[in-house]
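S.K.: Quick one: structure below, then a few questions.
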Amino acid sequence: MTTTRVPQEERTRAMRLRLMEATVDLLVEKGFAGTTTTQVSERAGVSRGAQLHHFPTKNDLVVAAVEHLTEKRGADLAGAAADLPRGEHRTRAVVGMLGDHFASPVFTAALELWVAARTDPDLLAAVGPLEQRVGRETHRLTVDLLGADESVPGVRELVQATLDLVRGLGLADTISDDAKRRQRILDEWADTLDAALGSRGSAARTSTTEETP
């Protein structure tokens, strides 16, 4: 019987992935302050020596986990967006999907890093640019999903208000189970958004028609 050997590069990549995923899981469960490199190595099933070889300090490990978390958040959003229905309830589905994302464990882990980065310059240097990237990508995705025209005055602000709303509700959910209240708020906001985007789009089309000689 022939045993297939896994290339060293692939084994290393898999080990690093286990360490980063273990870090994210522990950030959700124990918070940044409660997460230790020893716990991470135990959760990942990786020896302390191997962990220290790749990530000598906690911040080295957390920075790698931040990059991994950024990719995961993007993939989760894209996957959820692909399953959204079309039709008259599209806006409600989009807003609900965003609400679910910002109440998910990956957002909780990101939130732990935001708080820690506030007083840790090295961590802030890693977290800040990645969060800006996530923010831009999420904004762009939301515009596409809503079919919003940001050339119309006020539409960009409506999209950003939507994202600020779901982030705030996600923050509230970390303290207590806020699912029912969150759903009521998001349903009302979806109706408001539909009306606002529809009226602004109509006003823009009317203005364009009136200006055409």
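S.K.: In the set ARG43, ARG86, ARG73, which member is among the basic types (Lys, Arg) and exposed (fewer than 12 other Cβ atoms within 10 Å of the Cβ)?
M.R.: Criteria check complete, one pass: ARG86.
S.K.: Please verify whether the range 150-167 includes one or more residues that are at pLDDT below 90, of a type outside the set (Gly, Ala, Ser) and within 24 Å of GLY31 (Cβ to Cβ).
M.R.: Within the range 150-167 (the criterion being at pLDDT below 90, of a type outside the set (Gly, Ala, Ser) and within 24 Å of GLY31 (Cβ to Cβ)), the answer is no, since none of the residues qualifies.
Condition check ((1) surrounded by fewer than 17 Cβ atoms within 10 Å (Cβ to Cβ); (2) in contact with a helix residue (DSSP H, G or I) (Cβ under 7 Å, 6 or more places away or on another chain)) across all residues:
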site	(1), (2)
PRO129	yes, no
GLU137	yes, yes
GLU150	yes, yes
LEU169	no, yes
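S.K.: Still on this structure, I have one more. Select from the range 56-70 the residues that are of a type in the set (Val, Ile, Thr) and either touching a His at 6+ places or on another chain (Cβ under 9 Å) or crowded, with 17+ Cβ neighbours inside 10 Å (or both) and list them in ascending order.
M.R.: VAL62, VAL63, VAL66, THR70
The values are calculated or read from the model by the stated rules, or taken from the named source; none is laboratory data. Owing to the predicted nature of the structure, the values given are computational and were not obtained by experimental measurement. Glycine gets a Cβ as well: all are built from the backbone with ideal geometry, and neighbour counts include every protein chain shown.
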